[in-house]
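Working notes for the structure below.
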Amino acid sequence: MLKSVANTVLRWHDRPWRKALLFQQITASGYLRGTRKFNLSDSVPDSQHAIENKTTVDNLYKLSVDIKKIRRLKSWVLNKDVAHVEETANILKEMGANDLTVANILETCPEAFLQEPSEISAQKSIWNLVCPKDGELITLIEKFPDSFFTYKSPTNQRSNIKFFQDLGLNNKIVSRLLTSAPQIFCNQVESNKKVVDALEENYLSLGGTRQNFKTWIMKLISQDPFVLSKTTETMKENLKFLQDLGFHDEKVLKLLSKLKGFIFDLNTETMDKGVLFTMSTFKCNNEELREMVMKSPALLYYPVPLLEERLQLLLQEGASINQVKECPNVLELTPQIVQFRSRKIKQLGRRIQDQSLEVLNGTKKDFEANYGKLQVRKERPLFNPVAPLHVEE
């Protein structure tokens, strides 16, 4: 086996001194000790590897970075004439990163070592505005290196951080937005402010207060920051649609709070179909329609085929049309959740048609609480042993 592999390799290198050197390198690297299968590409660089920046590759090897991973995902970074591998690693280490963390960051986001050290330091100072402790910051960078290294707009980022802080978002939420939605920080602050101002104008026109709006907008941005990249014209059209359905301003305001970011994604065609499906399926009048929508705004934004599929499943599990009409938000549950929960209830010897569908509804915690109550009723004794007995004397 040893001779076979060696002979195969030595055909490529017929000069004596090359034979000796190559044989020594192969043995030292463990190929002939059975540690891994020998591959000619490991000793003979291909055309791709031949144009790589040797200094970059050597510096990455010193840091125990998986070069193969970079070649597979973003090989072009290794071909750049200028790279700052050592400088980037030193900045990360000064922030508290250990060798493994540095290697993970450079493997996941190799664009990092193409940045000028001054750019990285500037980005660090910006993120320190909401995450002042370097130890916590390096944890964020390891989890979201692309957000840190590839989204840069110093002036806009600083202005938007201050803007969000002035809105009332705490640093923890702003730092989460920096990692999950770095694009919105690269927007001009005037653009983000325009969306917020439009939201406030509509919110106040419906009778809301500035204090309640401040709470609402903080929740909205923290849950769906990408609303700041959407057009406010769509929102105005959707609000008018709800008013045309007969919802008074107070109800529209409540719907706005329930819909949150969905108010930007709705379109009148989908809502029209949802209204038609609800009224024809549940035989409801305009007032009943509004009541159902208030309980489950998903009737407006779920596509009709999805609503039909979920309704059909509930009927198969034993529910009736009237039960769903009384508790329409059960249509927001996935088929898997409905099947699991209905099976649990049936195991207690109870029938879905004899229960309010509220027992199926809510979060996992809500269901466990409702299920626990049903279980207690099943196990409750026929009489209370500590209660006084009422007998005739």
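The values are calculated or read from the model by the stated rules, or taken from the named source; none is laboratory data. Computed from a predicted structure; not experimentally measured. Ideal geometry is used to build each Cβ from the backbone, glycine not excepted, and the neighbour counts take in all protein chains shown. With ligands, DNA and RNA removed, areas are computed over all heavy atoms of the protein, side chains included. Shrake-Rupley method; radii C 1.70, N 1.55, O 1.52, S 1.80 Å.
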May I ask you to derive the relative contact order of segment 80-226, considering only C-alpha pairs under 8 Å and at least 6 residues apart, and to give it as an integer percent?
21
Segment Gln339-Thr139, length gained on full extension (0.36 nm per residue, minus Cα span):
68.0 nm
Quick one: compute the contact order of segment 193-352, relative version, from alpha carbon pairs under 8 angstrom and 6+ residues apart, as a percent.
17
Length gained, Glu201-Met279, 0.36 nm per residue minus C-alpha separation, equals 24.9 nm
Share of accessible surface on carbon and sulfur in segment 119-161, whole %, 1.4 Å probe and ligands ignored, is 53
If each of Gln223 and Leu100 carries a label point 7 Å out from its Cα toward its Cβ, how far apart are those two points in nm?
3.8
Once you sort the root eigenvalues of the Cα gyration tensor of segment 63-122 as a ≥ b ≥ c, which label holds: rounded (a/c under 1.5), prolate (a/b larger than b/c) or oblate (the other case)?
oblate
Between Lys69 and Lys365, what FRET efficiency comes out of the Förster formula 1/(1 + (r/R0)^6) with R0 = 45 Å and r the beta carbon distance, rounded to 0.05?
0.65
In whole Å and largest first, what semi-axes does the C-alpha gyration tensor of segment 231-303 yield when each eigenvalue is scaled by 5 and square-rooted?
19, 13, 10
So, counting K/R as plus one and D/E as minus one, what does the shell of residues with Cβ under 10 Å around Gly207 add up to?
-2
Is the shape of segment 136-235 rounded, prolate or oblate, going by the alpha carbon gyration tensor and its root eigenvalues a ≥ b ≥ c, with a/c under 1.5 for rounded and a/b larger than b/c for prolate?
prolate
